[in-house]
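What follows is a set of notes on a single structure, which appears directly below.
Rule-based calculations on the coordinates, nothing more; no lab input. As the structure is a prediction and not an experimental result, all values here were calculated from the model. Cβ coordinates were reconstructed from backbone atoms using ideal geometry, including for glycine residues, and neighbour counts include every protein chain displayed.
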Amino acid sequence: MATTAHSEVPPPKGPAIETTKTKSKVRPGDRVFLGLSRGSGITLLVIMAAIAAFLTYRAALAISKDEGNFFTTFEWNPAGDPPVFGIAVLAFGTVVSSIIAMVIAVPVAVGIALFISHYAPRKLAAPLAYVVDLLAAVPSIIYGLWGAIFLVPYLGGLNKWLDQYMGWTYIFDKSSPGVARNLFTVGILLAIMILPIITNVTREVFLQVPRMHEEAALALGATRWEVIRMSVLPFGRSGIISASMLGLGRALGETMAVAVVLSPSFLISGHLLDPGGGTFAQNIAAKFNEADEFGRDALIASGLVLFVITLLVNGAARMIIARRKEYSGANA
């Protein structure tokens, strides 16, 4: 009987398989786009740095000759002997009027955006969105003229009502007579001006909510409000914050409308209904033409403070969004 011997055949020893990394070819169009994008970003940083350097240099020239405390002085007289000027009143007026505008505008804007994106029928949503877009295109001076001719006279009755029924809060206690040319009126006017900006951005964010999220909530028996509360608002939080910061940026820097409506004075009063007050932009617009070189440096110094406040506000908003992951629509 023939026997066959089975022998284990070792695996063939061949050269190790070499993996070659092939570099993907970069198309010329991609290189051009990358260069343009990178150059645009660098250009923006250079412009911002140049503005900051210019403001800092001119502000240092003025502050070095100021005989008072630039941050706490309740006076603006750079042409005096000695020159005395400060931003205490301007900072107070700018912050207070902007807070009033945000308190009024943000809830109303979110409500309008929700109505257009989730409640209104299509035949009504499109014209309403178009009207909101038109409000954003109205020049500031038109808002100012409307505020001075229409808003100021008609707010006199509201001021009296607030003084009579809400005067116990001290904020709405009107201690001095006069027309409604005060920070409260300015805040209402600024709220109307920033309303279309916040509404447009928020509306576009709400329209990006995944349809499947809303349909899943409806399938589970949720009401329309529960769908908005559980799906739409969590998805759009980052957009609401971004839109609010855009509106706040315009409120902080608004010039002509505030200059037309407000009766400027360098007094700080906790009574919002009292005439007077001032903002950075309004003070610069009112005093720039008649100021000498040193006076303009002083105004530029106040502009530097407004520049820093705007940067801090936007930086704080970005930090809030970055640290809170639930504000990201992708995680909703």
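Please name whichever of Gly68, Leu299, Gly156 sits farthest to the positive end of the charge dipole of segment 63-331, dipole taken about the Cα centre and charges placed at Cβ: Lys and Arg +1, Asp and Glu -1.
Gly156
What is the spin-label model distance, in nm, from Ser64 to Arg27 if the labels are put 7 Å beyond Cα along the C-beta direction?
5.6
Around Leu155, what is the net charge, scoring Lys/Arg as +1 and Asp/Glu as -1 over all other residues with Cβ under 14 Å from its Cβ?
Residues close to Leu155 contribute a combined charge of +1.
Between Leu44 and Ala285, take the C-beta separation as r, use R0 = 25 Å, and let me know the FRET efficiency to the nearest 0.05.
The calculated FRET efficiency here is 0.45.
What's the long-distance tail for segment 228-274, i.e. % of Cα pairs beyond 12 Å? Walk me through the numbers before you get to the answer.
Values: 806 of 1081 pairs.
Cα-Cα pairs in segment 228-274 separated by more than 12 Å: 75 percent.
In terms of modelled amide H atoms, which long-range or inter-chain residues lie less than 5 Å from the amide H of Phe85?
Glu67, Gly68, Asn77
Treating the angle as unsigned and between 0 and 90°, give the value, to the nearest 10°, between the Cα long axis of helix 122-137 and the longest Cα principal axis of the chain.
Tilt of helix 122-137: around 60 degrees.
What percentages make up the Cα-Cα pair-distance distribution of segment 63-331 when the bins are 10 Å wide from 0?
7, 25, 28, 23, 12, 4, 1, 0
Can you run phi through the Karplus equation (6.51, -1.76, 1.60; θ = phi - 60°) for segment 94-108 and list ³J(HN,Hα) in whole Hz, with x for Gly and Pro?
3J(HN,Hα) across segment 94-108, in whole Hz: 5, 5, 5, 5, 5, 5, 4, 4, 5, 4, 7, 7, 4, x, 5.
Would you tally the net charge around Phe115, using a Cβ to Cβ cut-off of less than 12 Å, leaving Phe115 out, and scoring K and R as +1, D and E as -1? Don't skip to the answer; put the middle values down first.
Working: positive: Arg203, Arg224; negative: none.
Spelling it out: positives minus negatives among the neighbours equals +2.
Please state, to two decimals, what the Cα-based radius of gyration of segment 131-277 comes to when divided by 2.2 N^0.38 Å (N = residues).
Its radius of gyration relative to the 2.2 N^0.38 Å reference: 1.35.
Compare the Cα positions of Ile100, Gly41, Ile241 along the charge dipole of the chain (+1 at Cβ of Lys, Arg; -1 at Cβ of Asp, Glu; about the Cα centre) and return the one farthest towards the positive end.
Selected residue: Gly41.
Work out the count of Lys pairs in the chain where the Cα-Cα distance is under 29 Å, with the pair 8 or more places apart or on different chains.
Here the count comes out as 4.
Before rounding to the nearest 500, sum -39500 (n - 2.57) across all DSSP H runs of length at least 4 in the chain and divide by the residue total; then give [θ] at 222 nm in deg cm²/dmol.
Computed mean residue ellipticity for the chain: -20000 deg cm²/dmol.
How big is segment 51-137 by the Kirkwood estimate over distinct Cα pairs, in Å?
This gives a value of 17.0 Å.
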